[in-house]
Amino acid sequence: AQSVTQLDSQVPVFEEAPVELRCNYSSSVSVYLFWYVQYPNQGLQLLLKYLSGSTLVKGINGFEAEFNKSQTSFHLRKPSVHISDTAEYFCAVSLQGAQKLVFGQGTRLTINP
Amino acid sequence: DTAVSQTPKYLVTQMGNDKSIKCEQNLGHDTMYWYKQDSKKFLKIMFSYNNKELIINETVPNRFSPKSPDKAHLNLHINSLELGDSAVYFCASSQGFRGANVLTFGAGSRLTVL
């Protein structure tokens, strides 16, 4: 079975600073990888996904992530964050052909002015 | 027009009561889900239906019973509520049920059991 580990439960950064949210997964077969964002008191929405092809994936709101198969990682990055990026970020993995999406524990991104 | 809508948004009830949460999606998706988010924000799948057929049933107590009257609706009924059932319950939908499909989530239903 697949599993996902988000290495940081909370990440505080200053506005306009770069940020990286770390995600590692465990699977013996090929996977699909996702980042979802949850703004306060809202449901989750897709930020970006990796299905195949280029390992650098660009998403909404200036976020990007890089799939690294050898390190089984899918870290999320943004070069310059804004106050509006304050949210909970979830990494998720699904086995190819499988029915279940498994989420990591979430990383709370807090932007300080 | 909300894509995935859940009602009620908030639910406060006593232990031992029975309650239901309703979910509707207007995206034309074939697959619908219930996820539970606990107080530590951990998200865990509970059930998944594809075209009204149950395809995922995680190790959830049988006090929880999902019902899908049609592929646009997935309701969750909970009997004999316990304190540990307090959580935010998210409904979601996707076009298909294989791994590459993107989920669209509702805004959540916060259940508090006293």
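For the chain pair A and B, the interface hides roughly 1800 square angstrom of accessible area in total, found with a 1.4 Å probe. Of the accessible area of chain A, computed with a 1.4 Å probe over protein heavy atoms only, carbon and sulfur atoms account for 49 percent. Output the residues of the stretch A:35-64 meeting this criterion: accessible area (heavy atoms, 1.4 Å probe) in the chain alone minus accessible area with all protein chains in place is 30 Å² or greater. In the stretch A:35-64, residues shielded by partner chains: A:Tyr36, A:Gln38, A:Asn41, A:Gly43, A:Leu44. The mean count of C-beta atoms from other chains within 10 Å of the C-beta of residues in A:86-94, rounded to a whole number, is 2. Phi angles across the stretch A:28-33 convert, under the Karplus curve 6.51 cos²θ - 1.76 cosθ + 1.60 with θ = phi - 60°, into 3J(HN,Hα) values of 9, 10, 5, 10, 10, 10 Hz, Gly and Pro given as x.
Taking 1 over the mean of 1/r across every pair of different Cα atoms in the protein assembly as shown, what Kirkwood radius in Å do you get? Walk me through the numbers on the way to the answer.
On the way: mean 1/r = 0.0552 Å⁻¹.
Its Kirkwood hydrodynamic radius stands at 18.1 Å.
Calculated on the alpha-carbon coordinates, the convex hull of chain B measures out at 95 cubic angstrom per residue.
Counting only protein heavy atoms and a 1.4 Å probe, tell me what percentage of chain B's accessible area is made up of carbon and sulfur. Heavy-atom surface of chain B belonging to carbon and sulfur, 1.4 Å probe: 51 percent.
Averaged across B:96-106, how many Cβ atoms of other chains sit within 10 Å of each residue's Cβ atom? Let's see the in-between values first.
Numbers: counts 1, 4, 7, 15, 8, 5, 7, 9, 4, 7, 3.
Mean inter-chain Cβ contacts per residue within 10 Å come to 6.
For peptide A:104-111, the mean count of partner chain Cβ atoms within 10 Å of a residue's Cβ comes to 2.
Only lysines eight or more places from A:Lys58 in sequence, or on another chain, were considered; those with a Cα closer than 21 Å are A:Lys49, A:Lys69, A:Lys78. Using a Debye calculation, one point per C-alpha and no hydration shell, please list log10 I(q)/I(0) for the stretch B:1-47 at q = 0.17 Å⁻¹ in order. Debye intensities relative to I(0), on a log10 scale: -0.69. Heavy-atom accessible surface of the stretch B:12-111, averaged per residue, reaches 46 Å², computed with a 1.4 Å probe. Using the alpha-carbon centroid of each, what span in Å lies between the stretch A:13-53 and the stretch A:68-113? The stretch A:13-53 and the stretch A:68-113 have Cα centres spaced 2 Å from each other.
Just to confirm, what accessible area per residue do you get for chain A at 1.4 Å probe, in whole Å²? List each step's numbers first, then the result.
Details: 5280 Å² over 113 residues.
Accessible area per residue: 47 Å².
Straight-line cross-link partners of B:Lys19 among the lysines, defined as a Cα under 17 Å from its Cα and at least 8 positions apart when in the same chain: B:Lys9, B:Lys36, B:Lys67.
For chain B, the Cβ-based charge dipole about the Cα centre amounts to some 200 debye (Lys, Arg positive; Asp, Glu negative; other atoms uncharged).
Taking Rh as the Kirkwood radius computed over C-alpha pairs, what is the Stokes-Einstein D of chain A at 37 °C in a medium of viscosity 0.692 mPa s, expressed in µm² per second?
The diffusion coefficient I find is 233 µm²/s.
The values are calculated or read from the model by the stated rules, or taken from the named source; none is laboratory data. Since this is a predicted model, take the numbers as computed values, not measurements. A quick note on method: Cβ atoms are made from the backbone with ideal geometry, for glycine too, and the neighbour counts reach across all protein chains shown. Ligands, DNA and RNA are excluded from the accessible area calculation, which covers all protein heavy atoms including side chains. Shrake-Rupley method; radii C 1.70, N 1.55, O 1.52, S 1.80 Å.
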